[in-house]
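Trainee: Below is one structure. I have some questions about it.
The values are calculated or read from the model by the stated rules, or taken from the named source; none is laboratory data. Since the structure is predicted, the reported quantities are computational estimates derived from the model, not experimental observations. Here Cβ is always computed from backbone atoms with ideal geometry, including for glycine, and neighbour counts include all displayed protein chains. Please note that ligands, DNA and RNA were not included when accessible areas were found on the heavy atoms of the full protein model with its side chains. Shrake-Rupley method; radii C 1.70, N 1.55, O 1.52, S 1.80 Å.
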Amino acid sequence: MKSWTFFTNHSHVLFYLHFHPDMTMRDISVHVGITERAVQRIIKDLHDLGVLEVHKVGRKNSYTVHSEIPLRHRIESHRTVGDLLSFIKQA
């Protein structure tokens with residue numbers, strides 16, 4: 001039997017980057033349970049939307065989440081990324 005969750009892989013990656021902004025893509029992939037390539041695509045999606053800012057620190061990346069961005073679906077568009085993040089405690 002397949003299992004499902006209430007949050008998408010995009011939100012899981014966002015949660016980890018919010019609470020651990022210096023986490024590597026490899027570490028995120030292990031924690032979320034998806035491939036490193038999927039993490040790369042999700043980070044690109046979040047960056048393209050303006051939710052995530054990527055900072056190069058030496059050979060690594062660090063991430064800043066822009067919590068003022070509204071959520072995308074019309075049902076929750078009256079809420080922001082910050083509202084979602086405040087709902088979730090540190091992962």
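Trainee: Could you please tell me which pairs satisfy a Cβ distance under 8 Å, a separation of 6+ or placement on different chains, a first residue in the range 66-91 that is in contact (Cβ under 8 Å) with a residue 60 or more places away in the chain, and a second residue that is open to solvent by 100 Å² or more (accessible area, probe 1.4 Å) and among the charged types (D, E, K, R)?
Mentor: Val81/Glu68
Trainee: Take the residues in the range 73-91 that are loosely packed, with under 12 Cβ neighbours inside 10 Å and of a type in the set (D, E, K, R); name whichever of them is modelled with the highest pLDDT.
Mentor: Arg74
Trainee: Something else now. Need pairs with beta-carbon distance below 9 Å; first residue among the charged types (D, E, K, R) and within the range 1-29, second in a helix (DSSP H, G or I); sequence gap 6+ or separate chains.
Mentor: Arg26/Glu36; Arg26/Val39; Asp27/Tyr16
Trainee: As an exercise: evaluate Gln40 against (1) open to solvent by 50 Å² or more (accessible area, probe 1.4 Å); (2) in contact with a Pro (Cβ under 6 Å, 6 or more places away or on another chain) and give the number of the one condition it does not meet.
Mentor: In the conditions (1) open to solvent by 50 Å² or more (accessible area, probe 1.4 Å); (2) in contact with a Pro (Cβ under 6 Å, 6 or more places away or on another chain), Gln40 misses (2) alone.
Trainee: When the range 1-24 is examined, which residues are found to be over 22 Å from Gly82 (Cα atoms) and either within 12 Å of the chain's Cα centre (by Cα) or among the small types (Gly, Ala, Ser) (or both)?
Mentor: Selection gives Ser3 alone.
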